[in-house]
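Below you'll find the structure, written out as structure tokens, and then a few comments.
Please treat every number below as a calculation from the coordinates, not as lab data. Computed from a predicted model, the values in this text were never measured in an experiment. Backbone-built Cβ (ideal geometry, glycine too); neighbour counts: all protein chains shown.
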């Protein structure tokens, strides 16, 4: 297997040699030709045509596909840009048909990547990839629109999830977009449906439920997302909690989120931002300093807003004269803060006979004393 | 005031307006008129909206996240830095120091990972490896991967396995973010760029440091002051090996993406990185890699040391197979350097060195998104968890390889079923070693024995379980070739020690592993009832799990010096870069229990013919095949040096 993979890699490299020998052009050379000739202007025309006269646009693209130009690289780029210009236009079957056709196309013009290494040729343009990406975007938008329509009519806004003809992640993202733009009263009609689905399909529903919770200020649902959700959307909820919920509610939610391993550090750092509005946040952060997993995050959070009460608490930790996680995180807090009061406290620690000598030595190294 | 309006006003003051941003046609993507408004468009990356000056990627532009621990996305610099500092503060196996300051005055930290002593098991200075991250600001994959590497090394330092092996035998140096000024510029403008749409230069797409070529001070991090948006020095063109070489892909133009700076090592960031070698120390350095993106490749240089080059080729062959998306390896010839850091470390310290270009290969289209120019620098959030895991694992495999070849440390032979030990011998430690034989009672004809073989290195990988498996991407022969050879002439006999397995449980000689999981193997051998009393030898040949063949002679400790392995012998006892079969253990066979020890010594078959030791091939053999093909290939590819 190893040999096979090694040989395959070599063969791939060898396959690039003829193109190198044939003089593959730099991207900047190709781009200069693109902009100095008529190609860029044609692309601009096509872009305008895609919106205003889609039928003629499609006809023009099919003509390009049927008649390879002498300058393959320019034609490939023209086709790529034409495909991308279809992103915002009306999504009709004829357009889909064209995208499916171009989506089968493999790259035909190579260049040497002059912003990431010139050793290996890469496609100069990839109209096939562009067409496939636009199709995905259309699928997302279709799911969004169907979800929005369902909300307007009091139907099931999650119904696009059941459309087997669309990749599930595209449906999910489309519904997330719908929940991000629908009027809140319409969102609320979907609440119980979303809660139920969150339990059954947490990976797919987390982003949808999080969006609903954030937009409607629903801390109960937000808590359920933290407890039952999965994936990146849970992190997004943590990051947005302070702006979406009342200070005490946000603090309570963030404290709950510190129990969820994958977002715990982010929650702790958000608690740091909540300290000025919520005393309980500061207390919680101080209590976390000795936590093996989260103490570092607590130190970072406290360092960003080290007021007199925090300094006093840190001083008390140092005064215990022990070398444990709490002490080390207290020192880390002071170092990350770097202010005059924090630095003075650290300097005093270096001279404190109660402090363990080995730790004092480490601190001296860290602060360059 | 609207920032675009401010930018427009600034540009109006800066000079006459021309119609287009014009390339210099110097072979590089540099412009003639960088102060022109045409060269200073402002663009915003979006998921789907490509109206106006928006550039639709097809996925949400990653936003740096305040989180010390890894997330499905990219951490902001403050969190990455605090994470490093917390690990340093709380882990006995990690220390750190400031190497210098960036142009804007930010501290550049490097971290050392390893046990407090700097000696290996043989009392010599440990080998060292150095990884640099974040030299190019916009390549966010790099600091994430470097941080994952640090985290992995800390988490595994007491795993009684390969993490602990690295902890105890190697001095790992990681500089996670070198170009902090540039990196924070890109993070502060996570979805904003300026330049032209196909060649964005500032904001999220800054590559260089912040040097203003005229004042020498740091420029600001704003996009709305376009007079400085093209300024900066490419820190990967600023090193003294090949500086301003006149070859393509480094530039005298201060606005060029690949401007090499006013003089070699002119930049404080370059000076800081180069000073890191002393922490190895430099004489102990064995490997360097600079983490970049994108292209999925290792871009290396050759020196005039063919033995170093050969080791580099073999190391690369093992490492590039680790990520799930295959990486490529290409090499520039000696003399074609252009001031990159891999050339500087590789040639100055005579060590394997390369630039690791992390994925993607082409851009966002690799993940099904829009084929937007420069999207290769914007890895989608959902891809980075896998990518940083794979890059960390790739680097760890390289460390394991360069920690050195394994040798057989001890052999114990006992009668099967809990019977008496009939042979036990152990090599001592030191640069030159001697064998201590504790038992030599003879393997009696007609009886079956368990042969336990202990190595100084974990030899196989096992993902959290008790079974040895292949390390990702590797394909080594799982069992070692262990033979008991005795007799001479027509009565010469060679018995395979079979039915063996690598030992995942602790227990020591005869029971389990010695110090690290899978550092010992045990199999059985039956002595024919007709065997006559004779000197014997145990021959052992295998590779470690990265495919590095074991040392053929344990009397001299293998190490690294002068750009090649030392004390690393092949089958015939001569220095090699390929290792060989160990034949250093000499039990004897007895026709009856209690028979007297025969005189003389048995030489194993591997030492008698040029055919080698048999089963030691595996990955090592694969490496040899690779080399044969790779060398001519590398030669043919070496003409071009990449903009890495």
Subject >> Estimated FRET transfer efficiency when R0 is 30 angstrom, pair residue A:52-residue B:32 (beta carbons, to 0.05) >> reply: 0.25
Original post:
Considering only DSSP beta bridges whose two residues both sit in chain B, what percent are antiparallel, to the nearest 5?
Top reply: 70 percent
Original post:
In whole Å, how far is the Cα centre of the stretch A:37-103 from that of the stretch A:331-360?
Top reply: 65 Å
Original post:
How many angstrom separate the Cα center of the stretch A:160-228 from the Cα center of the stretch B:360-415?
Top reply: 35 Å
**OP:** Would you please classify the overall shape of the stretch A:205-325 from the alpha carbon gyration tensor, given that a ≥ b ≥ c denote the square roots of the eigenvalues, rounded means a/c under 1.5, and beyond that prolate means a/b larger than b/c while oblate covers the rest?
**Re:** prolate
Original post:
How many nm is it between the label spots at residue B:212 and residue B:506, if each spot is 7 Å from the Cα in line with the beta carbon?
Top reply: 6.1 nm
Subject >> Where a label projected 7 Å from the Cα of residue A:276 along Cα→Cβ would reach, residues of the stretch A:302-326 with amide N under 18 Å >> reply: A:302-311
**OP:** Could you calculate the contour length gain from residue B:263 to residue B:467, that is, 0.36 nm times the residue separation minus the distance between their Cα atoms, to one decimal place in nm?
**Re:** 68.0 nm
Original post:
If you rank B:400, B:367, B:161 by fewest surrounding Cβ atoms within 10 Å, what's the result?
Top reply: B:367, B:161, B:400
Original post:
What nm value, rounded to one decimal, do you get for the distance between residue A:347 and residue B:592 when each label is placed 7 Å out toward the C-beta?
Top reply: 8.8 nm
Original post:
Using only helices, what value at 222 nm comes out for chain B when you add -39,500 (n - 2.57) per DSSP H run of length 4 or more and divide by the total residues, to the nearest 500 deg cm²/dmol?
Top reply: -6000 deg cm²/dmol
**OP:** State the Cα centre-to-centre distance between the stretch B:244-302 and the stretch B:508-573 in whole Å.
**Re:** 40 Å
**OP:** Starting from the Cα gyration tensor of chain B, multiply each eigenvalue by 5, take the square root, and state the resulting semi-axes largest first in whole Å.
**Re:** 56, 22, 20
Original post:
Per Stokes-Einstein, at 10 °C and 1.306 mPa s, what whole-number D in µm² s⁻¹ belongs to the protein assembly as shown, with the Kirkwood radius over Cα pairs as the hydrodynamic radius?
Top reply: 51 µm²/s
Original post:
Mind listing P(r) for chain A? All alpha-carbon pairs, 20 Å bins, whole percents.
Top reply: 22, 32, 36, 10, 0
Original post:
Hey, what's the Cα Rg ratio for the stretch B:408-613 versus the globular rule of thumb, 2.2 N^0.38 Å?
Top reply: 1.00
Original post:
Using 7 Å Cα-to-Cβ label points, what is the residue A:287/residue A:188 separation (nm, one decimal)?
Top reply: 3.4 nm
Original post:
Arranged by the count of other C-beta atoms within 10 angstrom, fewest first, what order do A:201, B:237 take?
Top reply: A:201, B:237
Subject >> Cβ-based exposure ranking for B:519, A:97, B:115, in which fewest neighbours within 10 Å come first >> reply: A:97, B:115, B:519
Subject >> Fraction of beta bridges assigned by DSSP in the protein assembly as shown that are antiparallel (%, nearest 5) >> reply: 70 percent
**OP:** Determine the shielding of peptide B:59-69 by partner chains: average, over its residues, the number of Cβ atoms on other chains within 10 angstrom of each Cβ.
**Re:** 6
Original post:
Taking Cα atoms, how many degrees apart are the long axis of helix A:39-52 and the longest axis of chain A, rounded to 10 and kept between 0 and 90?
Top reply: 90 degrees
Original post:
Rounded to the nearest 0.05, what FRET efficiency is calculated for residue B:608 and residue B:530 with R0 set to 25 Å and r the Cβ-Cβ distance?
Top reply: 0.60
**OP:** Give, in nm to one decimal, the length gained when the segment between residue A:165 and residue A:71 is fully stretched (0.36 nm per residue of separation minus the Cα-Cα distance).
**Re:** 30.1 nm
Original post:
Expressed as an acute angle from 0 to 90° and rounded to the nearest 10, what is the orientation of the C-alpha long axis of helix B:3-14 relative to the principal long axis of chain B?
Top reply: 70 degrees
**OP:** Subtracting the Cα-Cα distance from 0.36 nm times the residue separation, let me have the gained length for residue B:572 to residue B:307 in nm, one decimal.
**Re:** 93.5 nm
Original post:
Can you give the angle from 0 to 90° between the axis of helix A:72-84 and the longest principal axis of chain A, with both taken from C-alpha atoms, to the nearest 10?
Top reply: 60 degrees
